[in-house]
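The values are calculated or read from the model by the stated rules, or taken from the named source; none is laboratory data. No experiment lies behind these values; they were computed from the predicted model shown. Every residue, glycine among them, receives a Cβ derived from its backbone with ideal geometry; neighbour counts consider all protein chains shown. The protein model used for the area step is the full one, side chains on, heavy atoms only, and it has no ligands, DNA or RNA in it. Shrake-Rupley method; radii C 1.70, N 1.55, O 1.52, S 1.80 Å.
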Amino acid sequence: MAKNVLIVDDNPCVRTALCELFSREGDFNVCGEAENGREAIEKAQQLYPDLIVTDLSMPILNGLEEARLLRQVMPSVPVIIYTNHSDPFVEKEARAAGAWAVISKSEGVATLIETARTFFEQIAA
(Lines give C-alpha, C1' and ligand atoms only; values in the text may rest on other atoms or scores of the structure.)
Protein backbone atom coordinates (compact mmCIF):
# COMPACT_ATOMS: atom_id res chain seq x y z
CA MET A 1 0.00 0.00 0.00
CA ALA A 2 1.32 3.44 -0.93
CA LYS A 3 2.61 5.64 1.88
CA ASN A 4 1.12 9.14 2.11
CA VAL A 5 3.70 11.93 2.03
CA LEU A 6 3.28 15.58 3.03
CA ILE A 7 5.75 17.84 1.15
CA VAL A 8 6.83 21.08 2.88
CA ASP A 9 8.99 23.74 1.21
CA ASP A 10 8.65 27.50 0.87
CA ASN A 11 9.86 27.32 -2.76
CA PRO A 12 6.90 26.40 -5.03
CA CYS A 13 9.24 24.98 -7.71
CA VAL A 14 10.89 22.61 -5.22
CA ARG A 15 7.47 21.60 -3.83
CA THR A 16 6.12 20.86 -7.32
CA ALA A 17 9.21 18.85 -8.29
CA LEU A 18 9.12 16.79 -5.09
CA CYS A 19 5.39 16.14 -5.48
CA GLU A 20 5.89 14.95 -9.06
CA LEU A 21 8.86 12.74 -8.17
CA PHE A 22 7.18 11.08 -5.19
CA SER A 23 3.95 10.63 -7.19
CA ARG A 24 5.86 8.74 -9.92
CA GLU A 25 6.98 6.17 -7.36
CA GLY A 26 4.42 3.39 -6.98
CA ASP A 27 4.94 3.09 -3.24
CA PHE A 28 4.30 6.76 -2.41
CA ASN A 29 1.29 9.05 -2.69
CA VAL A 30 1.49 12.81 -2.09
CA CYS A 31 -1.41 13.61 0.24
CA GLY A 32 -0.67 17.33 0.55
CA GLU A 33 1.81 20.18 0.51
CA ALA A 34 2.61 23.17 2.69
CA GLU A 35 4.80 26.24 2.32
CA ASN A 36 5.93 26.69 5.93
CA GLY A 37 6.16 24.79 9.21
CA ARG A 38 2.94 26.18 10.71
CA GLU A 39 0.93 25.17 7.64
CA ALA A 40 2.67 21.77 7.71
CA ILE A 41 1.51 21.08 11.26
CA GLU A 42 -2.08 22.07 10.40
CA LYS A 43 -2.10 19.87 7.27
CA ALA A 44 -0.45 16.95 9.09
CA GLN A 45 -3.22 17.00 11.70
CA GLN A 46 -5.87 17.01 8.93
CA LEU A 47 -4.26 14.49 6.56
CA TYR A 48 -2.40 12.05 8.88
CA PRO A 49 0.54 11.47 6.49
CA ASP A 50 2.84 8.46 6.88
CA LEU A 51 5.86 10.71 6.24
CA ILE A 52 6.68 14.42 6.18
CA VAL A 53 9.48 15.73 3.95
CA THR A 54 10.34 19.28 4.95
CA ASP A 55 12.80 22.02 4.13
CA LEU A 56 14.94 23.49 6.92
CA SER A 57 14.93 27.21 6.08
CA MET A 58 11.37 28.52 5.82
CA PRO A 59 9.49 31.60 7.01
CA ILE A 60 7.02 31.50 9.94
CA LEU A 61 8.23 28.17 11.36
CA ASN A 62 11.47 26.52 10.18
CA GLY A 63 12.04 22.79 9.77
CA LEU A 64 13.60 22.33 13.23
CA GLU A 65 10.74 24.11 15.01
CA GLU A 66 8.25 22.17 12.89
CA ALA A 67 9.92 18.82 13.73
CA ARG A 68 9.88 19.65 17.48
CA LEU A 69 6.17 20.50 17.44
CA LEU A 70 5.28 17.49 15.26
CA ARG A 71 7.10 15.19 17.68
CA GLN A 72 4.74 16.46 20.40
CA VAL A 73 1.46 16.30 18.46
CA MET A 74 2.17 13.37 16.09
CA PRO A 75 5.13 11.41 17.52
CA SER A 76 4.66 8.42 15.21
CA VAL A 77 5.04 10.41 11.97
CA PRO A 78 8.65 10.47 10.71
CA VAL A 79 10.10 13.76 9.48
CA ILE A 80 12.89 13.92 6.90
CA ILE A 81 14.56 17.29 6.54
CA TYR A 82 15.60 17.95 2.93
CA THR A 83 17.89 20.96 2.93
CA ASN A 84 20.65 22.97 1.29
CA HIS A 85 22.16 23.54 4.74
CA SER A 86 23.48 20.11 5.59
CA ASP A 87 26.39 19.88 8.02
CA PRO A 88 27.09 17.90 11.22
CA PHE A 89 25.66 20.69 13.42
CA VAL A 90 22.40 20.86 11.45
CA GLU A 91 22.12 17.06 11.53
CA LYS A 92 22.65 16.98 15.30
CA GLU A 93 20.07 19.75 15.85
CA ALA A 94 17.58 18.06 13.51
CA ARG A 95 17.87 14.71 15.30
CA ALA A 96 17.49 16.45 18.67
CA ALA A 97 14.33 18.10 17.32
CA GLY A 98 12.94 14.70 16.35
CA ALA A 99 13.77 14.45 12.65
CA TRP A 100 14.41 10.89 11.44
CA ALA A 101 16.97 11.95 8.82
CA VAL A 102 18.62 14.94 7.17
CA ILE A 103 19.24 14.74 3.43
CA SER A 104 21.20 17.37 1.54
CA LYS A 105 19.49 18.69 -1.60
CA SER A 106 22.88 18.28 -3.29
CA GLU A 107 22.52 14.49 -2.87
CA GLY A 108 19.47 14.49 -5.11
CA VAL A 109 15.94 13.20 -4.88
CA ALA A 110 16.91 9.54 -5.42
CA THR A 111 18.69 9.62 -2.04
CA LEU A 112 15.62 11.21 -0.44
CA ILE A 113 13.28 8.55 -1.81
CA GLU A 114 15.65 5.71 -0.84
CA THR A 115 15.90 7.13 2.69
CA ALA A 116 12.10 7.22 2.94
CA ARG A 117 11.89 3.60 1.72
CA THR A 118 14.55 2.54 4.21
CA PHE A 119 12.52 4.00 7.06
CA PHE A 120 9.41 2.02 6.10
CA GLU A 121 11.43 -1.17 5.57
CA GLN A 122 12.95 -0.81 9.04
CA ILE A 123 9.60 -0.37 10.78
CA ALA A 124 8.11 -3.28 8.80
CA ALA A 125 10.95 -5.63 9.77
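Just a few scattered comments:
- As a fraction of the 1.4 Å probe accessible area of the chain, surface on carbon and sulfur atoms comes out at 51 percent.
- Placing a label point 7 Å from the Cα of Met1 along the Cα-to-Cβ direction, the residues of the stretch 35-73 whose backbone N falls under 12 Å of that point are 50.
- In the chain, the calculated helix contribution to ellipticity at 222 nm averages -15000 deg cm²/dmol per residue, counting -39,500 (n - 2.57) for every DSSP H run with n ≥ 4.
- Ellipsoid equivalent to the chain - semi-axes via the Cα gyration tensor, in Å: 18, 16, 16
- Over all other residues within a Cβ to Cβ distance under 14 Å of Leu61, the charged ones net out to -4, with Lys and Arg as +1 and Asp and Glu as -1.
- Taking the chain and dividing mean pair separation by its residue count, relative contact order in percent (alpha carbons under 8 Å, at least six apart): 21
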